[in-house]
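Asks: Sharing a structure with you now.
Values in this text are rule-based calculations from the coordinates and carry no lab data. Quantities reported herein were computed from a predicted structural model and do not represent experimental measurements. With ideal geometry, Cβ positions are generated from the backbone for all residues, glycine too; neighbour counts draw on all protein chains shown.
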Amino acid sequence: MHKPMAYTVIGQLGQRIPSLINKDLSLLHNLFDTLVSVRVLYYFCMIIEIIYIYIYIYIYIYIIIKFEHFV
């Protein structure tokens, strides 16, 4: 969602202030590193959410099986 906007901003910076990008490529490098780390964090959160859902389902099924004879 924000990734295309970030690429647009980087492109606009390069067009409006070329010396900013031409003199110091580390700024551009850091921006792309940040974008990658944000993506990694997003995927990590998605994995944690999936694990949470699996645990919830496991507990739910365990409770159903464990207390099935009470019904």
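Asks: Taking neighbour counts of Cβ atoms within 10 Å as a proxy for exposure, in what order, fewest first, do Leu41, Leu13 appear?
Replies: Leu41, Leu13
Asks: Percent of Cα-Cα pairs more than 16 Å apart in the range 3-70, please.
Replies: 66 percent
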